[in-house]
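Taking it in order: structure first as structure tokens, then the write-up.
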Amino acid sequence: MNIVRNSPYRQGRRYRELVKIHGSPLLVLNPLKVLSQYQELRQALPGVAFYYAVKSLPFPGILRSLADMGCNFDLASAGEIRLIQDLQIPARRTIHTHPIKHDDEIRAALRYGCTTFVVDNSDELLKFRPYRHRVGLLLRLGFRSPAAVVDLSKKFGCSVNEATALLSLGAKLGIHVKGLCFHVGSQCRDAGRQVEAIDACHTLIRQHHDTAATPISILDIGGGFPIAYDGKAMDIGTYCAPIRNALAGLPSYVNVIAEPGRFIAGPSMTGIASVIGKAHREGLNWYYLDDGVYGSFSGQIYDHVRYPLEVFADAPQRFPSALAGPTCDSIDIIAEQVDLPELQIGDLVVGHMMGAYTAASASDFNLLKKAKIVLLHGGAARPMPSRPHHREKRH
Ligand SMILES: Cc1ncc(COP(=O)(O)O)c(C=O)c1O
């Protein structure tokens, strides 16, 4: 269920001004928030090298700023590689973390110069035989996570026993398996899952050290760091305290890296949609918006997230209501059975914390236009350049 805040009408003025200038629907990106989230996570996990998961919000403006702050990048496709390459970010600052890849993908990454890849089974390991002198692999372990909103170990990751066998196979094939990785699931609210995964990897690293010629020198603790969609205060430093403790016990030859997406991108973007139609049906006031689950609210389907919403009206009375998207499909409902004041056509509905897995997975189903992304810059907002600047200059 989305949390919906009813704010006084005057508090919506800033959003109304943005819509007047840029149209509706909008996604307003605050790059400073991206950078402050990155800084917070760095402080919460000192000594960890971060690789921003580009998939969560793949926009050049924020990638450039993160790169300038020293952040590295987690890539999962040739498209993401092109984006980073266009920004002239050196390949040594990237890792390719998709556990399953076509050979074309591997070659695209190698052409760029990215040489760290992830595997979680023997078929995938064998794909690297032709490139064994050029790559270093991370072995992905799976740790199921009921505490995560998106359990990423259902689809990827091997068991600890399988990992031991894969490490031996890598050594036999002459392929350098240099590290272990895991992802305890996105929006994971229980740091205990990360601690268990770190501890299991720690044991494997020590066992491997006693028997193998080359030690495991990288532990990639993935992403999953949560943000407060439910409005409850959440301090990432406190959340990460048990993780810091678990990492402190690792042997000194192990470098720790992480691939956060949501924590960095999530709080940076605000969605603004307009009421374009109304109806009263089966006891509910229905409001039809110009953005919905096929657009910026796609994360409510794919990512199982409910964004905190805000409407602006001075009338004190509330009515059971529904907020629906603009497509002809009836799955396109953002919130049902929420108490709202009576809204009028043209009123705005604002979605907060809509940076991660929103614009990235929006479609133009029904050939409806996607939300325009505008960038907050020195108090003003300007349209987001869709390609990196150096490209645009050539035209
Ligand atoms: C391999 C990998 N790394 C990192 C991430 C980012 O995770 P999060 O956004 O939960 O931090 C994902 C998310 O799907 C992923 O699949």
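Applying a threshold of 8 Å to beta carbon distances and a minimum spacing of six or more residues, or different chains, the list of pairs starting in the range 178-207 at a residue that is closer than 21 Å to A148 by Cα and ending at one that is basic (K, R) and open to solvent by less than 30 Å² (accessible area, probe 1.4 Å) reads L180/R140; C181/R140; F182/R140; H183/R140; S186/R262; Q187/R262.
Of the listed requirements (1) more than 19 Å from Y15 (Cα to Cα); (2) more than 16 Å from the ligand (Cβ to nearest atom); (3) open to solvent by 20 Å² or more (accessible area, probe 1.4 Å), E342 misses just one: (1).
Across the range 180-200, the number of residues qualifying as out of contact with any Phe, Trp or Tyr (no Cβ under 7 Å at 6 or more places or on another chain), surrounded by 22 or more Cβ atoms within 10 Å (Cβ to Cβ) and closer than 26 Å to L125 by Cα comes to 7. Taking the range 18-69 as the range and being of a type in the set (V, I, T) and either open to solvent by 10 Å² or more (accessible area, probe 1.4 Å) or not in a helix (DSSP H, G or I) (or both) as the test, the residues that pass are V19, I21, V28, V48.
For V177, the criteria (1) open to solvent by less than 70 Å² (accessible area, probe 1.4 Å); (2) not in a strand (DSSP E or B) hold in every case but one, which is (2).
Among residues of the range 142-165 being under 22 Å from Y51 (Cβ atoms) and over 20 Å from the mean Cα position of the chain (by Cα), the one that is surrounded by the most Cβ atoms within 10 Å (Cβ to Cβ) is A163.
Residues that are within 16 Å of the ligand (Cβ to nearest atom) and either of a type in the set (S, T, N, Q) or within 22 Å of E80 (Cα to Cα) (or both) within the range 279-315 comprise S298, G299, Q300, Y302, D303, listed in sequence order. Quickly run through the range 241-278 and pick out the residues that are open to solvent by less than 40 Å² (accessible area, probe 1.4 Å), away from the ligand (no atom under 16 Å from the Cβ), in a strand (DSSP E or B) and out of contact with any Ser or Thr (no Cβ under 7 Å at 6 or more places or on another chain). Hits for the range 241-278 are T270, V275, G277. Evaluation of Y229 against the conditions (1) outside any loop (DSSP other than H, G, I, E, B); (2) open to solvent by 10 Å² or more (accessible area, probe 1.4 Å); (3) within 16 Å of the ligand (Cβ to nearest atom) shows that the sole unmet condition is (1). For the range 137-156, the set of residues classified as under 21 Å from K101 (Cβ atoms), outside any strand (DSSP E or B) and more than 10 Å from the ligand (Cβ to nearest atom) consists of G142, S153, K154, listed by residue number. Whenever a residue of the range 106-121 is assigned by TED's automatic domain parsing to the domain that holds I175 and closer than 13 Å to L166 by Cβ, its partners that are away from the ligand (no atom under 16 Å from the Cβ) and modelled with pLDDT of 95 or more, lying with C-beta atoms within less than 7 angstrom and at least six residues away or across chains, give the pairs V119/L125.
For (1) touching a strand residue (DSSP E or B) at 6+ places or on another chain (Cβ under 7 Å); (2) not small (G, A, S), each residue gets a yes or a no:
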| position | (1), (2) |
| --- | --- |
| R5 | yes, yes |
| R10 | no, yes |
| Y15 | yes, yes |
| V19 | yes, yes |
| L27 | yes, yes |
| S36 | no, no |
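Any chance you could count how many residues in the range 294-334 are aliphatic (A, V, I, L, M) and open to solvent by less than 10 Å² (accessible area, probe 1.4 Å)?
Our first condition is that a residue be aliphatic (A, V, I, L, M); within the range 294-334, this holds for 301, 305, 309, 311, 313, 315, 322-324, 331, 333-334.
Then keep just the ones that are open to solvent by less than 10 Å² (accessible area, probe 1.4 Å); that gives 305, 309, 311, 322-324, 334.
Number of matching residues: 7.
Per this entry, H98 is not counted among residues that are over 21 Å from D74 (Cα atoms) and either touching a Leu at 6+ places or on another chain (Cβ under 6 Å) or part of a loop (DSSP other than H, G, I, E, B) (or both).
The values are calculated or read from the model by the stated rules, or taken from the named source; none is laboratory data. A quick note: this is a predicted structure, and the numbers were derived from the prediction, not measured. Note that each Cβ is placed from the backbone with ideal geometry, even for glycine, and that neighbours are counted across all protein chains shown. Heads up: the accessible areas ignore ligands, DNA and RNA and are worked out on the full protein's heavy atoms, side chains in. Shrake-Rupley method; radii C 1.70, N 1.55, O 1.52, S 1.80 Å.
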